[in-house]
Amino acid sequence: MGTVGLSFGSPTGGAGFDVTSTVNQIVSNMQAIETPWKSQLTTLQSQDSALTGIGTDLSSLSTAMQSLTNFEGVLAEKQGSSSDTSLLQLTSASTSAIAGTHTVVVQSLATTSSYVSGTIANAGDTLSGNLEINGKTITIDSSNNTFSSLASTINSGSYGLTANVITDSSGTRLSLVSQTSGASGAISVTSNLSDTSTSSSVNFSQTQPGADAQLTVDGVLVASSSNTVTNAIQGVTFQLLSANKDESIQVEITNDNTDVETALNTFVTDYNKVLQDLNTQEGSDSNGNPEPLFGNPTIALLQQSLQSALTFVQPSNTVASSSSVGSSDALSGKILIGVGGGSQEEIDIPDNSSMADVAAAINSANIGVTAAIITSGNNAILSLTNATSGSSGAISVDASGLTDTSTGNAVTFGSAQSNTVTSITQLGVSVNNDGTLTLDTDALDSLLNSNYQGVVNFLQPSGNYTSFGGNFTNILDNLGSSAPSGAIYLALQEDSQVETQLNTNISNEETIITAQKAQLTTELTQANYTLTEIPQQLEQINEMYSAITGYNEGQNG
């Protein structure tokens, strides 16, 4: 801490000194102790800003990955086309639709049952009698004795049809149209109405019967009560516009390659943004000063984790247990495992072994497969994988001798799966010298056309093994700003604790300085007052001296 020199001037001058300036100088000297705290606080706040930015970009990357791993996302989207849109037009293909080509012949369209009354000359003519619709009788009275009021009565009731008044040059009629198309919507109408103005009967005749659409789909006869057909091709809705028994319409359902390519390109863009964030922190700013996170271990952790996620190789062959086995259940017996069509090797499982013990026994046998445990709630799945592709790496399992002794049930395994896409480079993604990615959309499009399901298996999480998409998602969950384990979250929490202590130190020091400032102001004000009083006190002494001695110092001689 520096020193403060006080200049009181001439002690007999009576001018005193500037109290405020002197106190501020002393306080400024005292506040120097806060400088390293404030400097550290500024550094931490810069780190927080950088970490928050990286966390935001990681969140965008996670969202991009989710669009590729979501079972109802872009990989499930379908497109459709019709070879003759004048007869059949596709309206939608849901995520449950399956890519393929179908042949449709539209034999007849669905029709809606309808009736129309005879014509009356004047729309205001009154009616009498009754009208029976679908077994329900409407008795005519003053509230419904015109076509208009009768239509209102019908439309406000539960008759299963809609009434409409039609007026043209020939007169006025009442139209009745079923609210349900097809054969199931057929309506019946019995009229006992009379036009009281002309004393003539008002009869109804059927204008169109209700009939289902008739079509064949891949040679199978299909009936539809509506011309909007939803039950003919799984997940596909199409509209019948016209019938032609002699024309076969080709309906093609395809995977939506364009949206998949767009989603993967977004993933690449967001990945590059995160990597550029990290690369920036390894250098200096425009003024030559190190970036806020230069040398920070969190940056190294993020880089290593993303690199690990990117280079993850998905197993080429896999098979997993399909029965429900509790994580803590005891197992015993034996399991036979073969690789590549070779003879199966027997692995003995001691009594009271856990699923983890079974995995360890398989791995110790060194038979060419890797065993791992995947937990789901309270259940455990035994996953066996092999990096060798094709039939030479195929896994066969006979677990008929392996028993879950906790339940008494045998442990069963599902069908083996072969994954033909095992690395992200097969999707047309390449790594540049700076670690950023480039996507070759032509290569991706070619793969989607030749092996769409392989891409789906590679990107979407599986309960039987760890997929690229599932692994990448898990890693991102442990890197971002999400509590309680995200790397960015933990780094921000650590900084926050230090910042809280620094702010407390600064606040406490300011409290002390404020009290000392008040005390200094009081003391120096008093000292200043004393200095300004000295000349007056000297004058009084001189007067006393003169009175005693008769000597006046103010006179010469």
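The values are calculated or read from the model by the stated rules, or taken from the named source; none is laboratory data. These numbers were taken from a predicted model, which means no experiment stands behind them. For neighbour counting, all protein chains shown are included, and Cβ atoms are generated from backbone atoms with ideal geometry for every residue, glycine included.
Taking the listed residues L174, L193, the one that is among the hydrophobic types (A, V, I, L, M, F, W, C), part of a strand (DSSP E or B), touching a helix residue (DSSP H, G or I) at 6+ places or on another chain (Cβ under 6 Å) and outside the structural domain of V104 (by TED's automatic domain parsing) is L174, with no other qualifying. Checking the condition touching an Asp or Glu at 6+ places or on another chain (Cβ under 7 Å) and either at pLDDT below 75 or assigned to a helix (DSSP H, G or I) (or both), which residue from N552, N542 passes? Matching residue, one of N552, N542: N542.
Restricted to the range 301-414, the set of strands (runs of 3 or more DSSP E) holding at least 1 residues that are acidic (D, E) comprises 345-353, 395-398, 402-404.
Which of the residues belonging to the range 265-313 are of a type in the set (S, T, Y) and exposed (fewer than 15 other Cβ atoms within 10 Å of the Cβ)? Give the steps one after another, and end with the answer.
Going residue by residue through the range 265-313, those that are of a type in the set (S, T, Y) are 266, 269, 271, 280, 284, 286, 298, 305, 308, 311.
Within the range 265-313, S284, S286, S308, T311 qualify.
Among what's in the range 512-532 and is polar (S, T, N, Q) and at pLDDT 80 or above, pick the residue that is farthest from M30 (Cα to Cα). The qualifying residue farthest from M30 (Cα to Cα) is Q526. The requirement of being assigned to a strand (DSSP E or B), surrounded by fewer than 18 Cβ atoms within 10 Å (Cβ to Cβ) and on the phi > 0 side of the Ramachandran plot is fulfilled nowhere in the range 200-214; no residue meets it. Of everything in the range 239-256 that is more than 13 Å from T103 (Cβ to Cβ) and either basic (K, R) or at pLDDT 95 or above (or both), the residue that is nearest to the chain's Cα centre (by Cα) is Q239.
Taking strands (runs of 3 or more DSSP E) that fall entirely within the range 40-151, which contain at least 3 residues that are at pLDDT below 95?
Numbers: elements: 78-82, 88-93, 100-108, 114-117, 127-133, 136-139.
Result: 78-82, 88-93.
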